[in-house]
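Step one of this worksheet: look at the structure below.
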Amino acid sequence: MSKETINSPSTESLAEAAKAAQGKGLPPVHLWTPDLSGDMDIRIARDGTWFHEGTPINREGLVRLFSTILKREGDDYFLVTPVEKWRIEVEDAPFVAVDFEAEGEGEGQSLIFETNVGDRVVAGEGNPIRVERDGETGEPAPYVMVRDGLEALIDRKSFYRLVEIGEEAGGWFGLWSEGVFFRVIPADEMKVEDGA
């Protein structure tokens, strides 16, 4: 991301524009296609903390509001209103799944995730779970799709709880939700790790 910021708005003016654009539910950011206004010095850290000009944004309501006008295009993330579009930096995923509930069992199970900004999402065909593994350490990085290409990194405590309810299917250890099996790790690798 370019360090240059062109006519960057204040977070307050962007928040006012976002509030004005909201109705019931999430704003229709997929319909908003203004020209790029520039780069805004907002960064979302891997742990879900939002920073403005290097300082954490401690106002939970402001972070939640901004999360509703977040849009992804390719590998870039933007805060958008009907008339503005500001590129921001996202270190990993824009959200963090901080908790989940499991309802039912086996193939009939539903996994309902809650994010750090208050979104609730049921993992399934439209909201898949995926696990990336670090090429050097093998460390898993699990994600769940929240909406419109925006994912949440599943926090460590939740991932450990998910592993406890995982099952084997088709040579894989994974998770069932809404009738879909999400692969986590090859079953033979899981057995080796369990035996270590």
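Where a number appears in this text, it was derived from the coordinates with a stated rule and is not lab data. Fair warning: this is a prediction, and the values are worked out from it, not measured in the lab. For neighbour counting, all protein chains shown are included, and Cβ atoms are generated from backbone atoms with ideal geometry for every residue, glycine included.
Below are the figures for this structure:
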quantity: Förster radius 22 Å - calculated FRET efficiency between Arg156 and His30 (Cβ-Cβ, nearest 0.05); calculated: 0.10
quantity: For the stretch 37-52, 3J(HN,Hα) per residue [Karplus equation, 6.51 cos²θ - 1.76 cosθ + 1.60, θ = phi - 60°, Hz, x = Gly/Pro]; calculated: 7, x, 9, 10, 7, 10, 10, 9, 6, 4, 7, x, 6, 9, 10, 10
quantity: For Val96, residues with placed amide H under 5 Å, excluding near neighbours; calculated: Asn116, Val117, Leu153
quantity: For the stretch 183-189, Karplus couplings with θ = phi - 60° (6.51, -1.76, 1.60), whole Hz, Gly/Pro x; calculated: 6, 10, 7, x, 4, 5, 5
quantity: Distance between modelled label sites at Ala141 and Phe51, nm, 7 Å Cα→Cβ extension; calculated: 1.7 nm
quantity: Using a Förster distance of 30 Å, the FRET efficiency for Arg72-Asp188 (Cβ separation, nearest 0.05); calculated: 0.30
quantity: Mean Cβ neighbour count within 10 Å, used as a protection proxy, ranking 129-138, 57-66 highest first; calculated: 57-66, 129-138
quantity: Cβ-Cβ FRET estimate between Arg43 and Arg120, R0 fixed at 25 Å, reported to 0.05; calculated: 0.50
quantity: Prolate/oblate/rounded label for the stretch 45-196 (Cα gyration tensor, a/c 1.5); calculated: prolate
quantity: Most to least packed among 153-163, 102-112 [average Cβ atoms within 10 Å]; calculated: 153-163, 102-112
quantity: Cα gyration tensor shape for the stretch 90-169, rounded if a/c is under 1.5, else prolate or oblate; calculated: oblate
quantity: Residue-by-residue Karplus 3J(HN,Hα) for the stretch 92-102, coefficients 6.51, -1.76, 1.60, Hz, glycine and proline x; calculated: 9, 10, x, 10, 10, 7, 9, 6, 8, 10, 10
